[in-house]
Amino acid sequence: MADLRLSSLTVMLRRQGRPVNTKRVRRLMHEMGICGEAPARRPRTTDSDHPFPRYPNLVEDLKVSHPDQVWVADITYVRLRKEFVYLAVLMDVFARGIRGWHLGRSLEQELTLVALRRAFEHGRPEIHHSDQGVQYAATAYVEMLNATGSRISMASVGEPKENGYAERLMRTIKEEEVDLTEYEDFADAWRQLGRFIDDVYNTKRIHSSLGYLTPGEFEQEWTVRQRLHPNDRSLQKPAGSVV
């Protein structure tokens, strides 16, 4: 009944010429205190209660000065009409480019392993930083990083600010894509999230922290500058922590 009321209100608003979807209507109803349905319980994406080894935070107060020095990784959920699915991403901190991503129906190990394999097609990190979730601490994932010589870094349990770049990336994906889109099914979510990440975020979305360049433009300019003037630091971002 609640879903029917929500759908009817969405259609009515569209007939009045308002560009809304059910996600936006649901959010507005909750904000106004007139929601007709209980909010769905948000899935937990981080399980830090596991027997695998923990790793220290290697990036606190670290100056990031070049591409692939530090990658950050995280997982978030995406709500479809009838289910939740999960998005894993890896981002290069220096240029803010998303190196790899994968969308899965569960939080099983394959979600992060596939994202990491796809990221390896674009580079190798000197340091891989994440939370202490089981997906990042599990043996198969750690072995893949060790095989490339990557050092492993983890935020403290219960300290999301220690993985701040990944947290902000996920917030951007939610605010600029997920919250604005009504995905029909898993395949539709895959297509539209892929379009946003590959065709919008990496190549069209500008960042004030990058001098109002896109991640692709910033990394390309840095590469050209380094080739011509290896000792020129003018394109490097100011010193700062990755957390």
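Quick note: the coordinates plus some simple rules give every number you see, no bench work behind them. This structure is a prediction, so every number in the text was calculated from the model and none was measured. Here the Cβ is made from the backbone with ideal geometry for all residues, glycine too, and neighbour counts use every protein chain on show.
Neighbour counting of Cβ atoms within 10 Å sorts the residues Asp61, Asp68, fewest neighbours leading, into Asp61, Asp68.
Residue-wise HN-Hα couplings along region 177-187, as the Karplus relation 6.51 cos²θ - 1.76 cosθ + 1.60 with θ = phi - 60° gives them from phi, are 9, 4, 5, 9, 10, 9, 7, 6, 7, 4, 4 Hz; Gly and Pro carry x.
The order of Val89, Val70, going from fewest to most other C-beta atoms within 10 Å of their C-beta, is Val70, Val89. Database remark: amide H of Leu213 closer than 5 angstrom to the amide H of His207 (H placed geometrically; neighbours at sequence offset of 5 or more, or on other chains; Pro and chain starts carry no H). Fewest-first ordering of Met91, Met144, Met170 by other beta carbons within 10 Å of each residue's beta carbon gives Met144, Met170, Met91. Close amide-amide hydrogen proximity is noted between Leu62 and Val242, each under 5 Å apart and 5 or more residues distant or on a separate chain (H modeled in the peptide plane; Pro and chain starts excluded).
Each Cα pair under 8 Å and six or more residues apart adds its separation to the average, and for region 70-228 the resulting relative contact order is 21 percent.
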